[in-house]
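Participant: Sharing a structure below in structure tokens format, with a few things to ask.
The values are calculated or read from the model by the stated rules, or taken from the named source; none is laboratory data. Keep in mind the model is a prediction, meaning the values are calculated, not measured. Cβ atoms come from the backbone with ideal geometry, glycine included; neighbour counts cover every protein chain shown. Heavy atoms of the whole protein, side chains included, go into the accessibility calculation; ligands, DNA and RNA do not. Shrake-Rupley method; radii C 1.70, N 1.55, O 1.52, S 1.80 Å.
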Amino acid sequence: MIDWSERYRTLDTPWNLGGPHPDLVRRLQMSEPGPRDGFRDALVAGCGHGHDALALAAAGFVVTAVDIVHDLRDELEERLAALGGRFVITDALALEGEMFDVVFDHTFFCAIDPAMRADWGAMIRRVLRPGGLLASIVYPFSKPMEEGGPPWGMSRDAIESALGTGFEVLADEPVVEKGHQTWPERWLVMRRA
Ligand SMILES: C[S@@+](CC[C@H](N)C(=O)[O-])C[C@H]1O[C@@H](n2cnc3c(N)ncnc32)[C@H](O)[C@@H]1O
């Protein structure tokens, strides 16, 4: 069991890119996905320092960023609020009663115990509106599960199996701007029917 608070306290956070994922930045500049066409409310679960959440909020999304680590509040809460978003400290896997147009996953799915992937899928089904988009950085792509984690190997198959039926793949392609170096990364977008 990972002690996430301890990892932040000891600065043992190799996942931290120090800024938003560069391919998210590139796509937001292209407005893909953009806060248009009825897509407004975005969830970033397991947001960490909140770089991606802040980038999405700056691009016009109304962002809810969620993490279980209390110590992240001081650095994130006000900055996100200034962009119209909010930071919530809670177990993201237990979220319910809120609806989002977009869920962005960047090293949250691969961080949780694989035994909890079904809980992750159930959470997405509870909070993503029909027609809403799940956008994921699929990382570490092609890492064998036997190598352990986190980060645990991540794939489109694993996401599809966690989500269950009723999702259509809109994009599944290598990232153009890499964020992490150790393993390949892909950009996956799925739309809920
Ligand atoms: C690998 S880090 C990724 C952080 C961020 N997405 C990034 O790319 O920098 C995983 C994050 O998920 C958070 N986390 C782990 N389990 C969680 C849970 N059940 N609910 C909410 N956050 C969780 C951790 O505290 C950590 O910030």
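Participant: Of all DSSP beta bridges located in the chain, what percent are antiparallel, nearest 5? Could you put the intermediate results ahead of the total?
Facilitator: Working: 13 of 32 bridges.
Bridges in the chain that DSSP calls antiparallel: roughly 40 percent.
Participant: Between Thr107 and residues 5 or more places away or on another chain, which pairs have amide H atoms under 5 Å apart, with H built 1.01 Å from N, and which residues are they?
Facilitator: Counting only residues 5 or more places away or on other chains, the set is Ile137, Tyr139.
Participant: Still on this structure, I have one more. By how many nm would the segment from Glu177 to Leu17 grow when fully extended, if each residue of separation counts as 0.36 nm and the alpha-carbon distance is taken off? Write down the numbers at each step before the final one.
Facilitator: Numbers: separation 160, 0.36 × 160 = 57.60 nm, distance 1.27 nm.
56.3 nm is the gain from fully extending Glu177 to Leu17.
Participant: Round to a whole number: what % of the accessible area of the chain belongs to carbon and sulfur, probe 1.4 Å?
Facilitator: On the way: 4600 of 9030 Å².
Here it works out to 51 percent.
Participant: Continuing with the same structure: From Cα pairs below 8 angstrom and at least 6 apart in sequence, can you work out the relative contact order of the chain, rounded to a whole percent? Write out the running numbers ahead of the final one.
Facilitator: Values: 376 pairs, mean separation 36.6, N = 193.
Relative contact order, the chain: 19 percent.
Participant: Under the rule a/c < 1.5 gives rounded, and otherwise a/b versus b/c splits prolate from oblate, where does the chain land using the Cα gyration tensor?
Facilitator: Working: a/c = 1.24, a/b = 1.02, b/c = 1.21.
The shape class here is rounded.
Participant: Please compute the net charge surrounding Thr64, taking Lys and Arg as +1 and Asp and Glu as -1 over other residues with Cβ under 15 Å from its Cβ. Display every interim value, and only then the final one.
Facilitator: On the way: positive: Arg40, Arg73, Arg79, Arg86, Arg126, Arg129; negative: Asp41, Asp52, Asp67, Glu77, Asp91, Glu96, Glu98, Asp101, Asp105.
It works out to a net charge of -3.
Participant: Can you give the charge dipole size of the chain about its Cα centre, rounded to the nearest 20 debye, using +1 on the beta carbon of Lys and Arg and -1 on the beta carbon of Asp and Glu?
Facilitator: That gives a dipole near 480 debye.
Participant: Quick one: among Ile124, Ile89, Ile137, which has the greatest mean-square fluctuation in a GNM of the chain with alpha-carbon springs under 10 angstrom?
Facilitator: The residue with the greatest mean-square fluctuation here is Ile89.
Participant: Are there any trypsin sites (Lys or Arg not before Pro) in segment 112-178 that are in a DSSP loop and have at most 15 other Cβ atoms within 10 Å? List them by number.
Facilitator: Numbers: sites: Arg117, Arg125, Arg126, Arg156, Lys178; in loops: Lys178.
Loop-located and lightly packed - Lys178.
Participant: Excluding ligands, DNA and RNA, what is the solvent-accessible area per residue of the chain at a probe of 1.4 Å, expressed in Å²?
Facilitator: Values: 9030 Å² over 193 residues.
For the chain, the per-residue accessible area is 47 Å².
Participant: 222 nm [θ] for the chain, helices only, -39500 (n - 2.57) per DSSP H run of 4+, per residue, to 500? The partial results should precede the final answer.
Facilitator: On the way: 6 runs with 51 residues, N = 193.
Calculated from helices alone, the mean residue ellipticity at 222 nm is -7500 deg cm²/dmol.
Participant: Here's something else I'd like to know. Let's see if you can work this out: charge +1 on each Lys and Arg Cβ, -1 on each Asp and Glu Cβ, no other charges. What is the dipole magnitude of segment 126-169 about its Cα centre, in debye to the nearest 20?
Facilitator: On the way: 4 positive and 5 negative charges, 50 e Å.
Dipole of segment 126-169, to the nearest 20 debye: 240 debye.
Participant: Then there is this: Once you charge only the Cβ atoms, +1 for Lys and Arg and -1 for Asp and Glu, what is the size of the charge dipole of segment 139-192 about its Cα centre, to the nearest 20 debye? Show your work: numbers first, answer last.
Facilitator: Values: 6 positive and 9 negative charges, 29 e Å.
That gives segment 139-192 a dipole magnitude of about 140 debye.
Participant: Another question, if that's okay. Note the full-extension length gain between Asp3 and Glu146 as 0.36 nm times their separation in residues minus their Cα-Cα distance, in nm to one decimal. Could you put the intermediate results ahead of the total?
Facilitator: Numbers: separation 143, 0.36 × 143 = 51.48 nm, distance 2.17 nm.
Gain on extension, Asp3 to Glu146, equals 49.3 nm.
Participant: Can you compute the modelled spin-label distance between Asp91 and Asp157, with each label point 7 Å from Cα toward Cβ, in nm?
Facilitator: Between Asp91 and Asp157, the simple spin-label model gives 3.0 nm.
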